[in-house]
Amino acid sequence: IHTQGYRPDLISANYMKKYTRLCTIRNYPWHDYPQKFGKLTGYSMAYSHVKALRKMRTPVACSTSIGEKMKSHLGEINAIQNGIEIPEFTNSRYEHVRKMVRSNLSIPKNTKIFLSVGSLIERKNPMFMLSCFHTFNYMYNEIPWVLIILGDGPLINEMKAYVKLNSMPVIFLGYKTEVEDYFKASDYHVSFSLSEGLPNTVLEALVNHCPCILSNISPHREIQEASTSTIQLFDIKKNPQDIASEIKNHIVELKNVIEPKLFDKAKSHFSADKMSKNYQELYNLIVSKV
C-alpha cells in the first residue's frame, strides 16, 4: 500500500499494519501545516503526521531537500524526486499556442509575460511577489510586462485590491486544471515561495520550455542543479528594490534560453518515467524483504 498525504498516512500507519506499506512525504510538515492551517491546528497536524511517519516501514521523500529536513525526525530515508509527463510538441506548435494565448488575453507581442501558478496562501508569498513587481514596474517602466496569476486562495481579494490600487498589469485567471498552454505562452515562470517539496509547477514550466525565476530555497536549488541555465534564483530575504533589480538582470541572462535543447537535461531528469522506474525498484526491494 502506497500512501501520500496527511489523512492517508495516518490511516495506513494506524490501521493497515499487517500490509506491506510505504509513503511519499511531499512537504515539511512543521513548516507547511502551520502556514496553511494556522499555528494551533498546523502544529497539531505536523506532530500527528510525523508520529504516523515514524510507524511507516519505508517513508520516501519527494526530494533530497525534504529528505534532509526530515532526517532529524525520521533518520535517513529514501528520496525519489517528483517526475511529470513530458509533452510532445514541435516548435511550430509552440509558437502557435504562444500567439493564441496572447491574442485571447489581449497581450501585445513584445510584452514580457511572467507566470505565477499555485495556491494564493502565505507559504507561496504572493503579496511580497506583488510588492516586488510593483517596484520593478517603477524602476524599469521602459520594459512592457504583464503578470498572469493562475490560482486561488484566501489572499485573492487582498491581492486584487493591491493590484487595483497600484494600477499594475496583472491578470488573475483563477484556478486552472490545464496550464501547459500558459507555460508555452509565457517568457518566465516565477515563484516567490518560502517552502516547497519539489514543486511540480516548476517542472511543468521546464518541460514546456519556460525558463524560471525562483526564490533561493533548497528545493528550487535542487531543480536548478539538473536544469543548467534555464533557472535563475534570487535571494528571497532581500528587499523589493534588490529583487526587482535581480529580476531585471535575470531577464537579460535568460533571454536566449528558450532554445528547446537547453531544457533536455531537466526533461530527462524529472520525467514521470524515471520516477516510476525508481518506485518500481523500491517496490521490488521491499517485497523481497517480506
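The values are calculated or read from the model by the stated rules, or taken from the named source; none is laboratory data. Because the structure is a prediction, the values reported are computed rather than measured. Ideal geometry is used to build each Cβ from the backbone, glycine not excepted, and the neighbour counts take in all protein chains shown. Side chains are part of the model used for accessible areas, which takes the heavy atoms of the whole protein and leaves out ligands, DNA and RNA. Shrake-Rupley method; radii C 1.70, N 1.55, O 1.52, S 1.80 Å.
Suppose the filter is closer than 28 Å to PRO34 by Cα, free of Cβ contacts under 8 Å to residues at least 40 places away in the same chain, open to solvent by 20 Å² or more (accessible area, probe 1.4 Å) and not β-branched (Val, Ile, Thr); does ASN239 pass it?
Judged against the criteria, ASN239 is a match.
Among the residues of the stretch 172-181, write down those that are open to solvent by 40 Å² or more (accessible area, probe 1.4 Å) and in contact (Cβ under 8 Å) with a residue 12 or more places away in the chain. Passing the criteria: PHE172, LEU173, TYR175, LYS176, GLU180, ASP181. Listed conditions (1) exposed (fewer than 14 other Cβ atoms within 10 Å of the Cβ); (2) not in a loop (DSSP other than H, G, I, E, B); (3) not basic (Lys, Arg) are all met by VAL290, apart from (2). Every condition in (1) crowded, with 17+ Cβ neighbours inside 10 Å; (2) more than 19 Å from the chain's Cα centre (by Cα); (3) among the hydrophobic types (A, V, I, L, M, F, W, C); (4) modelled with pLDDT of 95 or more is met by ILE77 except one, and the failing one is (4).
Matching residues to (1) hydroxyl-bearing (Ser, Thr, Tyr); (2) in a strand (DSSP E or B); (3) modelled with pLDDT of 95 or more; (4) more than 26 Å from LYS36 (Cβ to Cβ):
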position	(1), (2), (3), (4)
MET127	no, no, yes, no
ILE143	no, no, no, yes
LYS160	no, no, yes, no
LEU173	no, yes, yes, no
GLU178	no, no, no, no
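Here GLU253 passes the criteria (1) among the acidic types (Asp, Glu); (2) open to solvent by less than 70 Å² (accessible area, probe 1.4 Å); (3) in contact with a strand residue (DSSP E or B) (Cβ under 9 Å, 6 or more places away or on another chain) except the one numbered (2).
Residues checked against (1) touching a helix residue (DSSP H, G or I) at 6+ places or on another chain (Cβ under 6 Å); (2) open to solvent by less than 70 Å² (accessible area, probe 1.4 Å); (3) touching a residue at least 24 places away in the same chain (Cβ under 8 Å):
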| position | (1), (2), (3) |
| --- | --- |
| ASN27 | no, yes, yes |
| GLY38 | no, yes, no |
| ALA46 | yes, yes, no |
| LYS55 | yes, no, yes |
| ALA61 | yes, yes, yes |
| GLU68 | no, no, yes |
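Against the definition (within 15 Å of TYR182 (Cβ to Cβ), among the charged types (D, E, K, R) and touching an Asp or Glu at 6+ places or on another chain (Cβ under 9 Å)), how does LYS99 come out, yes or no? For LYS99, the condition - within 15 Å of TYR182 (Cβ to Cβ), among the charged types (D, E, K, R) and touching an Asp or Glu at 6+ places or on another chain (Cβ under 9 Å) - is not met. Reported count of residues in the stretch 2-15, each being over 15 Å from ARG54 (Cβ atoms) and out of contact with any strand residue (DSSP E or B) (no Cβ under 8 Å at 6 or more places or on another chain), is 3. Only residues that are more than 17 Å from LYS124 (Cβ to Cβ), touching a Phe, Trp or Tyr at 6+ places or on another chain (Cβ under 8 Å) and in contact (Cβ under 8 Å) with a residue 60 or more places away in the chain were counted across the stretch 210-236, and they come to 1. Looking for something of a type in the set (D, E, K, R), farther than 29 Å from LYS289 by Cα, at pLDDT 90 or above and surrounded by fewer than 19 Cβ atoms within 10 Å (Cβ to Cβ) - is there at least one such residue anywhere in the stretch 99-115? Within the stretch 99-115 (the criterion being of a type in the set (D, E, K, R), farther than 29 Å from LYS289 by Cα, at pLDDT 90 or above and surrounded by fewer than 19 Cβ atoms within 10 Å (Cβ to Cβ)), the answer is yes, since at least one residue qualifies.
Among the residues of the stretch 101-108, is any within 30 Å of ASP187 (Cβ to Cβ), touching a residue at least 40 places away in the same chain (Cβ under 8 Å) and in contact with a Lys or Arg (Cβ under 8 Å, 6 or more places away or on another chain)? So far as the stretch 101-108 goes, yes, one or more of its residues are within 30 Å of ASP187 (Cβ to Cβ), touching a residue at least 40 places away in the same chain (Cβ under 8 Å) and in contact with a Lys or Arg (Cβ under 8 Å, 6 or more places away or on another chain).
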